[in-house]
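Asks: Just passing along the structure, written as structure tokens.
Here, each number is a calculation from the coordinates, and none is a lab measurement. No experiment lies behind these values; they were computed from the predicted model shown. Methodologically, a virtual Cβ is constructed for each residue, glycine included, from the backbone with ideal geometry; neighbour enumeration extends over all protein chains shown.
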Amino acid sequence: MEPIKDLRVKPGISAKELVDQMFLGGGFSSKNIRIGAEILKNMADDKDCFTFLSFPACIIATGVRGIIKDLVKEKKVDAIITTCGMLDHDLARIWKDYYHGSWDADDNQLRKDGINRLGNIFVPDESYGIVLEKKLQPIIEAIYHKKNNIGTKELIWLIGEAIQNEEKAEESIVYWAWKNKIPIFVPGISDGSVGFQIFMFWQDHTDLNINLMKDERDLCDIVYTHKKTGALMVGGGISKHHTIWWNQFKEGLDYAIYITTATEYDGSLSGARLKEAVSWGKVKPQAKRITIEGDATVILPLMVAALS
């Protein structure tokens with residue numbers, strides 16, 4: 001057995017040094033963060049491993065958007081599986097700002113003021129649905145005239161290409177996914193503002209087909225043609241499930257990191273720890289894996305910083 005060591009946070013300490021100390025200090029989730037950082041490094045160093053990243057929309061309303069953008073820009077992930085809301089927040093923030101808010105704000109007053117509250121973040125109407133409608137309708141129309149039977153991977157790349165000359169394009173995950181040809185799959189594409197803009201356009205152009213089966217074929221090709229796969233999964237829901245679902249067809253993930261705040265006792269997918277996925281064949285029994293309980297806006301920056 002190894003003894004627990006005290007943490008020493010000195011001026012000028014690097015994030016990597018701090019995360020390394022967190023392992024030596026034990027301490028519940030802090031130790032798991034260090035293990036997660038090590039597994040993330042193993043995935044990055046394994047040239048046979050295809051790496052998935054999955055996450056929900058909410059964190060893209062925060063500064064963690066920049067962490068994920070850099071992972072895509074620096075080609076540290078090979079594919080993303082996410083939600084429509086991720087597109088909403090990533091694209092909206094090219095054109096408009098989101099703002100610091102408060103958990104304790106008066107939501108009735110916010111509604112009167114045209115401000116939507118996402119936790120302790122304020123999203124004015126003009127920073128969300130209004131700007132997305134204004135900017136996306138011409139882009140969707142241009143894409144339609146170019147290609148009207150399209151999967152979400154192709155759709156997102158074409159949106160990334162369309163925004164390349166925007167002033168803040170390089171802050172966008174979608175832009176770098178197009179630039180580096182990293183696929184983004186959105187199995188629930190209709191569940192968000194971008195999906196609603198597509199629906200609005202579709203009403204007068206019913207031959208537009210957002211063909212999810214094209215995405216499924218691409219995911220099938222990925223899992224059947226790569227020797228190893230790994231996944232960094234932030235939060236649960238459809239993003240997490242679609243990632244582990246496809247990997248069961250190659251006998252499970254070889255590396256798996258899951259960050260969650262959900263509880264296990266209600267049987268939810270979001271609360272399910274990775275050990276449960278072993279029983280389904282979605283994570284290999286011998287996989288390097290860790291479930292980390294905590295807020296991804298704290299944990300993910302630490303883990304990524306420890307890679308450098």
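Asks: In region 30-39, is there at least one residue being without any contact (Cβ under 8 Å) to a residue 12 or more places away in the chain, closer than 30 Å to GLN248 by Cα and of a type in the set (Ser, Thr, Tyr)?
Replies: So far as region 30-39 goes, yes, one or more of its residues are without any contact (Cβ under 8 Å) to a residue 12 or more places away in the chain, closer than 30 Å to GLN248 by Cα and of a type in the set (Ser, Thr, Tyr).
Asks: Taking region 278-308, which residues are touching a helix residue (DSSP H, G or I) at 6+ places or on another chain (Cβ under 9 Å) and charged (D, E, K, R)?
Replies: Selection gives LYS282, LYS284, LYS288, ARG289, GLU293.
Asks: Related question: Tell me the residue from GLU166, GLU161, GLU216, GLU170 that is assigned to a loop (DSSP other than H, G, I, E, B), surrounded by 13 or more Cβ atoms within 10 Å (Cβ to Cβ) and among the acidic types (Asp, Glu), please.
Replies: On the way: GLU161 fails: assigned to a loop (DSSP other than H, G, I, E, B); GLU216 fails: assigned to a loop (DSSP other than H, G, I, E, B); GLU170 fails: assigned to a loop (DSSP other than H, G, I, E, B).
Answer to the check: GLU166.
Asks: Go over the candidates LEU118, LEU132, LEU91, LEU110 one by one and state the one that is more than 22 Å from TYR258 (Cβ to Cβ), in contact with a Cys (Cβ under 9 Å, 6 or more places away or on another chain) and among the hydrophobic types (A, V, I, L, M, F, W, C). Walk me through it before giving the result.
Replies: On the way: LEU132 fails: in contact with a Cys (Cβ under 9 Å, 6 or more places away or on another chain); LEU91 fails: in contact with a Cys (Cβ under 9 Å, 6 or more places away or on another chain); LEU110 fails: in contact with a Cys (Cβ under 9 Å, 6 or more places away or on another chain).
The unique qualifying residue is LEU118.
Asks: Could you list all residues from region 41-50 that are surrounded by fewer than 23 Cβ atoms within 10 Å (Cβ to Cβ) and in a helix (DSSP H, G or I)? Steps first, please.
Replies: Going through region 41-50, the residues surrounded by fewer than 23 Cβ atoms within 10 Å (Cβ to Cβ) turn out to be 41-42, 44-50.
Residues satisfying the conditions are LYS41, ASN42, ALA44, ASP45.
Asks: Does at least one position in region 248-263 carry a residue that is small (Gly, Ala, Ser), in contact (Cβ under 8 Å) with a residue 24 or more places away in the chain, touching a helix residue (DSSP H, G or I) at 6+ places or on another chain (Cβ under 8 Å) and buried (at least 19 other Cβ atoms within 10 Å of the Cβ)?
Replies: So the first thing to find is which residues in region 248-263 are small (Gly, Ala, Ser), and the list is 252, 256, 262.
Retained after the next criterion (residues that are in contact (Cβ under 8 Å) with a residue 24 or more places away in the chain): 252, 256, 262.
With touching a helix residue (DSSP H, G or I) at 6+ places or on another chain (Cβ under 8 Å) added as a condition, the list becomes 252, 256.
Right, trim to buried (at least 19 other Cβ atoms within 10 Å of the Cβ) and you get 252, 256.
Yes.
Asks: Quick check: anything in region 277-284 touching a residue at least 24 places away in the same chain (Cβ under 8 Å), in a loop (DSSP other than H, G, I, E, B) and within 26 Å of GLY27 (Cα to Cα)?
Replies: Keep residues of region 277-284 that are touching a residue at least 24 places away in the same chain (Cβ under 8 Å), which gives 277-278, 280-284.
Then keep just the ones that are in a loop (DSSP other than H, G, I, E, B); that gives 281-282.
So of that shortlist, the ones also within 26 Å of GLY27 (Cα to Cα) come out as none.
So far as region 277-284 goes, no, none of its residues is touching a residue at least 24 places away in the same chain (Cβ under 8 Å), in a loop (DSSP other than H, G, I, E, B) and within 26 Å of GLY27 (Cα to Cα).
Listed here are the residues, each with its yes/no results for (1) in contact with a Gly (Cβ under 7 Å, 6 or more places away or on another chain); (2) in a strand (DSSP E or B); (3) surrounded by fewer than 16 Cβ atoms within 10 Å (Cβ to Cβ).
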| residue | (1), (2), (3) |
| --- | --- |
| VAL123 | no, yes, no |
| LYS135 | no, no, no |
| PRO138 | no, no, yes |
| ILE189 | yes, no, no |
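Asks: Continuing with this model, one more query. Could you go through region 223-246 and let me know if any residue there is free of Cβ contacts under 8 Å to residues at least 12 places away in the same chain and either closer than 23 Å to PRO187 by Cα or surrounded by fewer than 15 Cβ atoms within 10 Å (Cβ to Cβ) (or both). It would help to see each step written out before you state the result.
Replies: Step one: list which residues in region 223-246 are free of Cβ contacts under 8 Å to residues at least 12 places away in the same chain, which gives 225.
Within this subset, residues satisfying the condition of being either closer than 23 Å to PRO187 by Cα or surrounded by fewer than 15 Cβ atoms within 10 Å (Cβ to Cβ) (or both) are 225.
Yes, the conditions are met somewhere in region 223-246.
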